[in-house]
Every structure is written in C-alpha cells, then in structure tokens.
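The structure appears right after this line, and notes come after that.
The values are calculated or read from the model by the stated rules, or taken from the named source; none is laboratory data. Note that the coordinates shown come from a computational prediction; the quantities given were computed from them, not determined experimentally. Positions of Cβ are generated from backbone atoms using ideal geometry, with glycine treated the same way; all protein chains shown enter the neighbour counts. Areas reflect the complete protein model, heavy atoms only, side chains present, ligands, DNA and RNA absent. Shrake-Rupley method; radii C 1.70, N 1.55, O 1.52, S 1.80 Å.
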Amino acid sequence: MSGEKRPFPWVGIPSVLMLFLVLCLTLLGLLSFLAARSDWNLTRKNRESVLAYYAADARAQRVLRRVDEALREAGPGGRSAKALDGLSAEGVRLSAESSGEISFSVPAGDSRQLEVAVRPESAEGGRRYRITRYRLAAVGDWDGDDRHLDVWQG
Amino acid sequence: MKYHSGVRPFFLEMIFVLLFLAVSCAAVLRLFSAAHAAARRSAELNAAMVLAQSAAETVQSAESPADLDRLFRGDRKTRKDGAVLYTAGFGENGSPSAGDAALRVEKSVRASAAASGTMLEAEITVFSARDGTVLFTLNAEKYCPG
C-alpha cells in the first residue's frame, strides 16, 4: 500500500475541501443574485403597471370633467346620454348605452383598460352625473378555457 | 530529511489553497454585494410605490379641495409655486415616522377651478431620506364636480 503512487500527489484534503467550499459559495451567490435580479424585474413591471393605471385614471378624470361641462351646458332638461353619444373627449369616444348611461374606456397598458360609465342626473342644483362603473378590466376576452394545460392528472 | 519531505508539500498546498480561496471569495463577495444592492433597490422602490399609491388614493377620495387638509392632517403643509405641498416621513416598514424617517413623501397638489368643478392635480414624489434621491414619482388627478 505504501508503495502505491497517488495520481495527484499535490492535491490533499485541504484542496478538496477548499474546492467544495468555493463551489458552494459560488452557487449560493449565483442563486441569490438571480433571485434578486428576477425580483427587480418584477418590481419594474409592477412600476410600469402602476404608472399606466394612474395615467389612465388621470385621463378618465379629465374625460369626466368634459362630460360634466357638456351636461352643465345642456341644462337640466337636456341631460341625456344620447346627447353625448359619439362625442370625443381627451381622445376618448363617448357612447350612450341603452340603460341611459354614458360609457367610455381608457387604455391602461397593453392588456388592460379602465371602463367608466356615468348616469346623467336631471335634478336641478345637485350633481349632474353619478358614476355607475369605474373598473379596470382586461382588453381581450379570456381564452384560457381553450388552452391545453399540462398539469398532473393524479 | 524525511521530516522535511512530508511537511513542505503540505504547507505549499495550504498556501496555494489560501491564495485561491482569497481570490474566489473576492469574486463571490462581489456577487453577493450585487445581489444585495439589487434586493435593496427593489425593496425601496416597492415601498415607495406603495406610499405613492396610498397618497394617490387619498387624493382620489377627496370630494373637494378643502378635504385635502383633513385627509393629510398629519403632514407638514407649505405652499410652493402656487401649489399646496404636503410632506410626511415614513419608516422603512411604511409606518409614519417624524424623527428618523427612511422615506419622505411630498404631495404637491394644484387645484384648477372651472365653471363646472375643480380639477385636483397631484404630483406625488417619494424621496429616500438617507440621500435625498427620488425613488418614485406618480401623477394623479381628481375631478371634483360642483
């Protein structure tokens, strides 16, 4: 046994331990860096989403101001949704619904839009409209039912 | 002679091991440092966004410009360039903090009155109280009819 020659006589236990330690540290560092980077990417996406939403919200408020001005000019007798149908305010087209509401939608990013509907009020002196819908909705229809999901069936 | 032939290679190996370990640790430390910086930046931006959205929703809840003083009653109120500036300090966990604030939120609200109503335009800026850098800026508007 003592006469046998080791293939790498200069590599001892300290070298092996050190290589293992460096490998572990590198792996740990790489994983934490990748986790932090993906977290940062997610935060940036969230930031864009928040900015898009509040830009759409501000635009919707400006449209509401224009609607209110139009209703004020129309007077209590002329406050109807049909009077505003097809009008454009802040680049947004207003449309009258059969329920007597005025509705419009403002894009909030690539896949979402802010949907707003108001009902004109004919009462003298009070508010000229009431907001009946103010919601963030997906632009396209949900097509998840048609997609094949590769999940475990048990 | 037998004593020397056993100990010298061991010490030589140890020297190489320590040198390599030092170089590797320097590289790995830079990796950890970059990960820490990215995580910190991400956490700061997240906290700033939450505070800015909270302030924006507070502006949205105002029924009239007079409501703002009540809604931001805990803030320091000043006037700047024709706008009302509300300033508040927050800790790292987002709780209000007057003394050692980690984040400072400034809400600059401008009211433009028209015949039909008043438009509130708020520019919300979140600063890092540590070095004064801007972390996040959000613009919100609210139309108050009447």
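Quick notes on this structure:
- Test: A:GLU97 is away from every other protein chain (no Cβ under 11 Å) and of a type in the set (Asp, Glu): yes
- All positions within region A:105-123 that are away from every other protein chain (no Cβ under 14 Å) and either closer than 18 Å to A:LYS82 by Cα or open to solvent by 90 Å² or more (accessible area, probe 1.4 Å) (or both): A:SER105, A:ASP110, A:ALA117, A:SER122
- Restricted to region B:133-146, and to residues there that are under 10 Å from the mean Cα position of the chain (by Cα) and assigned to a strand (DSSP E or B), the residue that is farthest from the other protein chains (Cβ to nearest Cβ) is B:VAL134.
- Condition met for A:ALA52 (more than 9 Å from chain B (Cβ to nearest Cβ) and touching a residue at least 60 places away in the same chain (Cβ under 8 Å)): yes
- Once region A:37-49 is narrowed to residues that are more than 14 Å from the chain's Cα centre (by Cα) and at the interface with chain B (Cβ under 7 Å from one of its Cβ atoms), the residue that is most open to solvent (accessible area, probe 1.4 Å) is A:ARG37.
- On inspection, B:GLU63 passes the criterion of being touching a residue at least 60 places away in the same chain (Cβ under 8 Å), open to solvent by 70 Å² or more (accessible area, probe 1.4 Å) and not hydroxyl-bearing (Ser, Thr, Tyr).
- When residues of region A:1-36 are limited to those that are modelled with pLDDT under 90 and of a type in the set (Val, Ile, Thr), the one surrounded by the most Cβ atoms within 10 Å (Cβ to Cβ): A:VAL11
- Verdict on A:ASP57 being more than 14 Å from chain B (Cβ to nearest Cβ) and either out of contact with any Cys (no Cβ under 9 Å at 6 or more places or on another chain) or of a type in the set (Lys, Arg) (or both): no
- Of all residues in region A:57-87, those that are over 27 Å from B:VAL59 (Cβ atoms), touching a Leu at 6+ places or on another chain (Cβ under 8 Å) and either modelled with pLDDT of 90 or more or of a type in the set (Lys, Arg) (or both) total 1.
- Restricting B:VAL7, B:VAL17 to those that are at pLDDT below 95 and more than 7 Å from chain A (Cβ to nearest Cβ) reduces the list to B:VAL7.
- Of all residues in region A:68-100, those that are without any contact (Cβ under 8 Å) to a residue 12 or more places away in the chain, surrounded by 15 or more Cβ atoms within 10 Å (Cβ to Cβ) and not charged (D, E, K, R) total 2.
- Per-region count, region B:94-132, residues assigned to a strand (DSSP E or B) and away from chain A (no Cβ under 14 Å): 8
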